[in-house]
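K.L.:
Attaching a single structure in structure tokens format; questions to follow.
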Amino acid sequence: MGLLFLLAALDGLAYAAQVFLVAVGLTLVFGVLKILNVAHGSLFAIGAYLASTLVGLVGVPWLSLLALAMAALAVGVVLGPVIERGLLARIYEKEHVLQLLVTFALLMILEDVQKLVWGVQPLFEDAPVRLLGQVEVGGIVYTVYQLLLLPGVALLVLVVLAWFLRRTLLGRTIVAVTHDREAAEAIGIDSRRVYLLTFTIGAALAAMGGALAAPTTSLVPGIGVQTIVLSFAVVATAGLGRIEGAAATALLIGLGRSFAVYFTPELEVVVPYLLMVAVLLVRPAGLFGSTELRRV
Amino acid sequence: MLSLARVEVAIAGARILRGVDLAVPAGGRVALVGRNGAGKTTTFRAIMGLLPLVAGSVRFDGTELAGLPAHRRTALGIGYAPEDRRLFPTFTVEENVRLPAEVLGLPAAELRARLERVWELLPELVELRDRRAGALSGGQGKMAALARALVTGTRLLLLDEPFQGLAPALARRYGEILARLVERERSLALLVSESNPELLAPFVDTIATIERGEILSAAG
Ligand SMILES: Nc1ncnc2c1ncn2[C@@H]1O[C@H](COP(=O)(O)OP(=O)(O)OP(=O)(O)O)[C@@H](O)[C@H]1O
Ligand SMILES: [Mg+2]
């Protein structure tokens, strides 16, 4: 029982780390663009597939971690600007329903592109996990990759992002546009540039979530959709637009899901959504949200 | 310095400004007076480039601003305090005030000088510098919004209903600050809107009346 408990906690932590990376990008992008980007899940999936391919290509185990980072960066700086400038910039003034449909269509398109490029056979490439080896914690042999690397990267992203948004001028322009786009423009902030920058960061974070998840699981079509649905749950539970909130909620939902896996497996899939519904019934604006102030 | 000629603006398909003519010379202090819904805020937003012109022109120092994006206008020396303050609530007062100067990329000395000017004119803000803007009272927020506009408004200051919602004592204080500012900076141009023109009398020289999107009169 004790071992099972520990195992559930470790799994939950690793899982929460992945979920956080995706959800934080989603919430950051929503805060600025005011568009709930359904295609965020595709960026996760493409990041995962590209990471697997790159890891396979470099062959050398000690370069495999670098390959993961390169995959995330490549998706962010290539697909990010293409999608924001080419597609989203055309629909900022449109109704929310239309925006949702457009990003949903993009999700479907990218899902097909992904099937075209990588096929439908499961892809498994765990060189980065093997590279880092295993350790024993409390009688359980666990991979260093999941025990330390995933939570470590998530924590680093949280700290760096919070610092960037609060302490740097560029970060503050993002927060200002999140609060009030027109007021930001009126004091000299180029909101188009902020949109582009934010979407690129968000895309890179989604892809990083995918790249880091790739070595721990078989990649199959549909992981993008699965991810976006779970991220919505996290972001809605946290309250849209809050990055620390996304971290705490990812932890809650990650742990909740993994405990369900071990103790009530039949509920595994629904636990995140049960948590979401329970929270939203009590606090409609989310755990960390407030209806009047939207913070980053 | 600032001149609007036959400015027409539409919001959501409805024509809101219908040929607005307005001039604010260097050192001019112009009041834009009109009832609720007359088009005062819309005029300010048009000047700042926050709404596109359907027709007409907005010139600053003789240069047409129509094609200039809103975010490039503060660099001309224009500062704008919107009517509902619109501070960034999670930033401190100082962060709110500094931000417009920082995004301009001013040299450190110039940035310091601009902030000095603001703190000196609004000493009551100094002790509130580290307070989050979201935690300010309405009156304090108005002062902070004025401060933020002053940082870039070295040549033209646009104040949309600065007295609205201020308790009488605060309104008097706000008026004193403006009077001191225009006294000290003779070439600063000021455009200030108000539904109650009496409050503006001490420091304006021209009153322009706006009604249903048209300027009725501009009297000295
Ligand atoms: N976003 C909008 N959508 C539709 N109509 C608008 C919008 N903003 C303003 N209007 C209309 O434009 C007209 C002028 O509004 P504006 O805000 O410029 O008036 P104002 O003189 O500033 O009024 P107030 O004293 O209430 O601030 C009003 O009739 C208003 O209903
Ligand atoms: Mg108004």
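K.L.:
For the structure I just gave you, tell me whether A:THR216 is among the hydroxyl-bearing types (Ser, Thr, Tyr) and buried (at least 24 other Cβ atoms within 10 Å of the Cβ).
P.N.:
Against the criterion (among the hydroxyl-bearing types (Ser, Thr, Tyr) and buried (at least 24 other Cβ atoms within 10 Å of the Cβ)), A:THR216 does not qualify.
K.L.:
What's the total number of residues in region B:166-220 that are over 17 Å from B:GLY27 (Cβ atoms), within 16 Å of ligand 2 (Cβ to nearest atom) and of a type in the set (A, V, I, L, M)?
P.N.:
The number of residues fulfilling the criteria is 4.
K.L.:
Going by what's in this entry, would B:ARG85 be described as within 14 Å of chain A (Cβ to nearest Cβ) and either outside any helix (DSSP H, G or I) or on the phi > 0 side of the Ramachandran plot (or both)?
P.N.:
In short, yes.
K.L.:
Looking only at residues that are modelled with pLDDT of 95 or more and β-branched (Val, Ile, Thr) in region B:31-47, which one is farthest from ligand 2 (Cβ to nearest atom)?
P.N.:
Going through the qualifying residues, I end up with B:ILE47.
K.L.:
So which residues in region B:8-55 are over 17 Å from the mean Cα position of the chain (by Cα), within 14 Å of another protein chain (Cβ to nearest Cβ) and away from ligand 1 (no atom under 11 Å from the Cβ), if there are any at all?
P.N.:
B:PRO52
K.L.:
Counting only residues that are among the acidic types (Asp, Glu) and within 14 Å of another protein chain (Cβ to nearest Cβ), how many does region B:112-129 have?
P.N.:
So the count comes out to 0.
K.L.:
How many of the residues making up region A:223-272 are surrounded by 23 or more Cβ atoms within 10 Å (Cβ to Cβ) and out of contact with any helix residue (DSSP H, G or I) (no Cβ under 8 Å at 6 or more places or on another chain)?
P.N.:
0
K.L.:
For region B:56-81, which positions are surrounded by 23 or more Cβ atoms within 10 Å (Cβ to Cβ) and either under 13 Å from the mean Cα position of the chain (by Cα) or within 16 Å of ligand 2 (Cβ to nearest atom) (or both)?
P.N.:
B:ARG73, B:THR74, B:ILE78, B:GLY79, B:TYR80, B:ALA81
K.L.:
Would you check if there is a residue in region A:147-158 being aliphatic (A, V, I, L, M), closer than 20 Å to A:LEU240 by Cβ and within 14 Å of chain B (Cβ to nearest Cβ)?
P.N.:
no
K.L.:
Among the candidates B:ARG155, B:ARG186, B:ARG212, single out the residue that is in contact (Cβ under 8 Å) with a residue 60 or more places away in the chain and surrounded by 15 or more Cβ atoms within 10 Å (Cβ to Cβ).
P.N.:
B:ARG155
To keep it simple, each residue is scored yes or no on (1) within 14 Å of chain A (Cβ to nearest Cβ); (2) away from ligand 1 (no atom under 16 Å from the Cβ); (3) of a type in the set (Lys, Arg); (4) closer than 29 Å to B:LEU22 by Cα.
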site	(1), (2), (3), (4)
B:LYS142	no, no, yes, yes
B:THR154	yes, yes, no, yes
B:GLU176	no, yes, no, yes
B:LEU199	no, no, no, yes
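The values are calculated or read from the model by the stated rules, or taken from the named source; none is laboratory data. Computed from a predicted structure; not experimentally measured. Positions of Cβ are backbone-derived with ideal geometry, glycine not excepted, and every protein chain shown enters the neighbour counts.
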